[in-house]
Amino acid sequence: MADFKELVFSGVQPTGNLHLGNYLGAIRRFVQLQESRDCIYCVVDLHAITATLHQPDLRAQTREVTAAFLAAGIDPKRHIVFNQSQVPQHAELAWIFNCVARIGWLNRMTQFKEKAGKDRENASVGLYDYPCLMASDILVYRATHVPVGEDQKQHLELTRDIAQKFNNDFAAEIAERGFGDAFFPLTEPLIGGPAARVMSLRDGTKKMSKSDASDNSRINLTDDAEAIAQKIRKAKTDAEPLPSEEAGLAKRPEAENLVGIYAGLADTARADVLAEFGNAQFSRFKSALVDLAVAKLGPIGQEMSRLMADPGHIDAVLGDGAERAGAIAERTMAEVKDVVGLIRR
Ligand code: TRP
């Protein structure tokens, strides 16, 4: 397999109301990865319109995710931050991938089945085709690593299947044009971390979600110190003190969630948290968690609000990112056209 330069790519949908789950599960890992690798972080606005096209707040939501990236510490000068729709090659390469991917492959996607629900006939074609666009996001930059949640693993497998089939189907043209034995890399997911999955504060068996009817179920990134403290104090727990070892968290989803959140925010292992708080009552653990959460999230929320008050600045950052991303994507797309046999300008 040809050598590909290490490059991290990930995308976040601008669906509004970013919360602690988005931060610990994705954005915080993006910040860590930028220390050791080249990274491209994309606000995937074209994905956000697959379930519902008409979204009155789309622009504001795209800026909110961008503000969260910047407030959390992603450096848009050393790396690339942009919104997907500004780089038309994402959609263009997705068309080629539509012709690579098989209907059978897409029919196996569990996320489509979940999102389409019972009325599958009435789901948009875009929702069905979402994984091909996602493969295009990644492969138009030949990204080698993608930090994502567990729920995106299947889409990454599909991305590899598309890359492999393209590499095979065009093996002769790819070699002939000097790309060696592979045109696209087989991209690996980066999954994990102490709080990869953050659960609802009201029910430890449900994911923390922007669409939960109870605002107390989640900590929004723009919540102030007072709101953060209240929600943690009200968070559901059980009657036992904390265990001193991880095995003791089994069948205690609320305890497990709060310990995971603490570990994520403190950037330590759950075992270390339990070594410190084993046998403590929840009241003591919760006040420590309030202090930690306010210390870590307070400044991010404040910086987000400051940034969102200046949409012109955010748009300038996105424009600059789109220009730099576009230069790479344009080159890849030209190469794809040559390999496939599409005459270009
Ligand atoms: N499907 C991802 C999600 O919902 C978002 C996404 C779109 C993405 N394109 C991507 C993630 C490319 C990683 C890489 O979380």
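The values are calculated or read from the model by the stated rules, or taken from the named source; none is laboratory data. Because the structure is a prediction, the values reported are computed rather than measured. Ideal geometry is used to build each Cβ from the backbone, glycine not excepted, and the neighbour counts take in all protein chains shown. Only protein heavy atoms, including side chains, enter the accessible area calculation; ligands, DNA and RNA are left aside. Shrake-Rupley method; radii C 1.70, N 1.55, O 1.52, S 1.80 Å.
General observations
- Taking the listed residues L186, L265, the one that is part of a loop (DSSP other than H, G, I, E, B), of a type outside the set (D, E) and touching a residue at least 12 places away in the same chain (Cβ under 8 Å) is L186, with no other qualifying.
- All positions within the range 242-252 that are under 13 Å from F285 (Cβ atoms) and surrounded by fewer than 17 Cβ atoms within 10 Å (Cβ to Cβ): S244
- Given (1) surrounded by 17 or more Cβ atoms within 10 Å (Cβ to Cβ); (2) under 19 Å from I49 (Cα atoms); (3) of a type in the set (S, T, N, Q), number of the condition Q111 does not satisfy: (1)
- Scanning the range 70-90 for residues that are farther than 14 Å from A316 by Cβ, in a helix (DSSP H, G or I) and under 19 Å from the mean Cα position of the chain (by Cα), we see that the one that is farthest from the ligand (Cβ to nearest atom) is A71.
- Some residue of the range 207-222 being free of Cβ contacts under 8 Å to residues at least 24 places away in the same chain, crowded, with 19+ Cβ neighbours inside 10 Å and of a type in the set (G, A, S): yes
- Test result for V100, open to solvent by less than 30 Å² (accessible area, probe 1.4 Å) and within 14 Å of the ligand (Cβ to nearest atom): no
- Search result, residues across the range 149-176 that are near the ligand (Cβ under 10 Å from one of its atoms) and either open to solvent by 20 Å² or more (accessible area, probe 1.4 Å) or not assigned by TED's automatic domain parsing to the domain that holds R28 (or both): G149, D151, Q152
- Test: A329 is within 20 Å of Y41 (Cα to Cα) and either touching a Leu at 6+ places or on another chain (Cβ under 9 Å) or outside any helix (DSSP H, G or I) (or both): yes
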